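Visitor: I'd like to ask you about the structure that follows.
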Amino acid sequence: MESDHYFSASPSSAENQRRISVTLAGRSGDVTTAGGVFSPAHVDGGTAVLLSNTPPPPPGGHLLDLGCGWGPIALSLAVQSPHSTVWAVDVNERALDLVRLNAQAWGLDNINAVLPEDVPSAVTFRTIRSNPPIRVGKNELHGLLQRWLPRLEERSDAWLVVQRNLGSDSLQRWIAATFDDGYSVMRSATARGFRVLKVRRHGAVPTAPVDIVEG
């Protein structure tokens, strides 16, 4: 089945490329998808909920689509924020090839589709958007978030969409317990059986006293 291999590095299933019509960030067009990637027939329902329930991305800086698949989130970010650098990250090489193909077809030159290890360690993100691969298992999912959420810039947000019956509420509790210093997490939206979680990285609290000058 699709969910058995879309998070594999090199899917063994037939590629079977296909063209589908989509509307992303108000722009309509065709994209190329294939077997062995997540939701090849259409924009996944969870991704659609995420795209409909998040604010416009920052106008510049580095933006992250974590677990990009064939690229609906990355393409949306790049359309909305043409002066930013969008990092489309996935372990699935076939998915990354599709993102590159779709970015070229849409005339978007601000997308870097790369493996996780190819993101420079110095890069931090003004936003993270993700329909995370829940089916990889709890330990893998937690490790994924522990790797990337700390790379949010201060006063920046990550937006995650998770199906309610696949553990969105327990994931929210885990994030709150794990990232308890300088972060907050809240349920931002609920639609079509999905929850959108907003994770905020707050600014550092000043460590030195502030001098107040009386006039």
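Visitor: Summing Lys, Arg as +1 and Asp, Glu as -1, what charge do residues with Cβ under 11 Å from the Cβ of F194 carry, F194 excluded? Intermediate values should be presented prior to the final figure.
Guide: Working: positive: R164, R187, R192, R195; negative: D44.
Within the 11 Å Cβ shell, the charges total +3.
Visitor: Let me ask something else about it. Using a Förster radius of 25 Å, what is the FRET efficiency between R100 and H42 based on their Cβ-Cβ separation? Nearest 0.05, please. Before the final figure, lay out each step's value.
Guide: Values: r = 21 Å, r/R0 = 0.82.
Working from the Cβ atoms, E equals 0.75.
Visitor: Using the per-residue mean of other Cβ atoms lying within 10 Å as a proxy for protection, in what order, highest first, do the peptides 182-194, 36-48, 102-114, 67-79 fall? Could you put the intermediate results ahead of the total?
Guide: Values: 182-194: 15.4, 36-48: 19.7, 102-114: 17.5, 67-79: 27.8.
Averaged packing, sorted descending, gives the order 67-79, 36-48, 102-114, 182-194.
Visitor: Anything in the chain that counts as a DSSP H helix reaching 24 Å or more along its axis (C-alpha) with Kyte-Doolittle mean of at least 1.0? List them, would you?
Guide: Numbers: long enough: none.
Helix filter hits for the chain: none.
Visitor: Also, I was wondering about something else. Using only the Cα atoms of segment 59-215, build the gyration tensor, take square roots of its eigenvalues as a ≥ b ≥ c, and label the shape rounded, prolate or oblate: rounded if a/c is under 1.5, else prolate if a/b is larger than b/c, else oblate. Kindly include the intermediate steps, with their values, before the conclusion.
Guide: Numbers: a/c = 1.99, a/b = 1.30, b/c = 1.53.
Because a/c hits 1.5 or more and a/b fails to exceed b/c, segment 59-215 counts as oblate.
Visitor: Another one. Multiply the residue separation of K138 and A122 by 0.36 nm, subtract the distance between their alpha-carbon atoms, and state the gained length in nm to one decimal.
Guide: Details: separation 16, 0.36 × 16 = 5.76 nm, distance 2.73 nm.
Difference between extended and current length: 3.0 nm.
Visitor: Calculate, in nm to one decimal, what S170 and R187 gain on full extension: separation in residues at 0.36 nm each, minus their alpha carbon distance.
Guide: Details: separation 17, 0.36 × 17 = 6.12 nm, distance 1.17 nm.
Here the segment from S170 to R187 would lengthen by 4.9 nm.
Visitor: Once you list every other residue whose beta carbon is under 11 Å from the beta carbon of A78, what net charge do they have if Lys and Arg are +1 and Asp and Glu are -1?
Guide: On the way: positive: R27; negative: D65, D109.
Summing Lys/Arg as +1 and Asp/Glu as -1 gives -1.
Visitor: By how many nm would the segment from R155 to A25 grow when fully extended, if each residue of separation counts as 0.36 nm and the alpha-carbon distance is taken off? Intermediate results must be reported in sequence, preceding the final value.
Guide: Numbers: separation 130, 0.36 × 130 = 46.80 nm, distance 2.41 nm.
Fully extending the segment from R155 to A25 adds 44.4 nm.
Visitor: What percent does the relative contact order of segment 1-142 come to when contacts are Cα pairs within less than 8 Å and at least six residues apart?
Guide: On the way: 271 pairs, mean separation 34.3, N = 142.
It rounds to 24 percent for segment 1-142.
Visitor: Once the other residues with Cβ under 13 Å from the Cβ of I128 are scored (Lys, Arg +1; Asp, Glu -1), what is the net sum?
Guide: Working: positive: R126, R129, R147, R151, K198, R200, R201; negative: D65, E153, D157.
Residues close to I128 contribute a combined charge of +4.
Visitor: How many nm is it between the label spots at Q163 and S52, if each spot is 7 Å from the Cα in line with the beta carbon?
Guide: 1.7 nm
Taken together, the values in this text are just the output of simple stated rules run on the coordinates, not laboratory data. Treat the numbers as computed from the prediction; the structure is a model and nothing was measured. Cβ sites come from the backbone with ideal geometry, for glycine too, and all protein chains shown count toward neighbours.
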